[in-house]
Ligand SMILES: [Zn+2]
Ligand SMILES: [Zn+2]
């Protein structure tokens, strides 16, 4: 049985600095592909070229529903060594967002760190109750202690991402396939919740899941463990974790 997924929890707009579509274009592409929901997760301020914190605070102006597609106003934040909460956006701002992903990226303070130091930094972020999802954890540029990260994700109910781009030979992280696969296998065995995402940096790539779905089938991930299977599952999961003060505001297409 081929899984059909109706939500994409990882997409970037032009605001990320190295992505090329607007939120309106992402929503249009999602609608054309029959998706029910996307999370717009531009890079947190620590990434080179990423937006200022005001970008995330002002996401309230974007409608919650665009062309019939539910839009989660989110961030792909960075664990960082040098802020009060260990993340590149403060807790008061993160709390206002509909969806908070975190992942390791170049130029955010970990390029020369050792595995233990980097893992400690990431675990601090995963322990933050405002964090919902961990992105591309098997990136070989940023080796982590997989067992510790998986244990923390399961303990804190953080979704582990299967990033289609990480399994795509033509994409920049293609060489991370084996690392991502190793991480995914460990996460599944530990009982982690999973989301299959596109990490689209261009609207035509929204909802592109084929390779990650193939991996999920190979690993035998039960469909009920895939939070991104539809909008209702995503919203129920997020609401159960914490209050999302803006989730239902401005729902005008
Ligand atoms: Zn990323
Ligand atoms: Zn991303």
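Given only helices, namely DSSP H runs of n ≥ 4 each adding -39500 (n - 2.57), what is the per-residue ellipticity at 222 nm of the chain, to the nearest 500 deg cm²/dmol?
Taking each H run of at least 4 residues, the total per residue is -8500 deg cm²/dmol.
The ranking of 104, 133 by Cβ neighbour count inside 10 Å, starting from the fewest, reads 104, 133. Between the range 28-101 and the range 208-250, the alpha-carbon centres lie 16 Å apart. According to a simple spin-label model (label point 7 Å from Cα along Cα-to-Cβ), what is the distance in nm between residue 32 and residue 239? According to this spin-label approximation, the distance is 3.2 nm. At a Förster radius of 35 Å, what calculated FRET efficiency corresponds to the Cβ-Cβ distance of residue 217 and residue 111, to the nearest 0.05? It comes to 0.50.
Full-extension gain between residue 3 and residue 25, please, as 0.36 nm times their residue separation minus the C-alpha to C-alpha distance.
5.4 nm
Would you mind calculating the relative contact order of the range 1-43 from Cα pairs under 8 angstrom and at least 6 residues apart, reporting the percent as a whole number? That works out to 53 percent. Relative to the 2.2 N^0.38 Å rule of thumb, the range 60-215 has a C-alpha radius of gyration ratio of 1.02. Among 16-26, 45-55, the peptide with the highest mean count of other Cβ atoms within 10 Å heads the list, and the full ranking is 16-26, 45-55.
Please state the relative contact order of the chain as a whole percent: Cα pairs under 8 Å, 6+ residues apart? Don't jump to the answer; show the numbers that get you there.
Details: 556 pairs, mean separation 59.5, N = 253.
Over the chain, the number comes to 24 percent.
Arrange 89, 247 by Cβ neighbour counts within 10 Å, fewest through most, would you?
Taking fewest neighbouring Cβ atoms as first place, the list is 247, 89.
Building the convex hull from the alpha-carbon atoms of the range 1-78 and averaging its projection over directions returns 5.5 nm².
A short reminder: the numbers here are calculations on the coordinates, not readings from a lab. As the structure is a prediction and not an experimental result, all values here were calculated from the model. Positions of Cβ are backbone-derived with ideal geometry, glycine not excepted, and every protein chain shown enters the neighbour counts.
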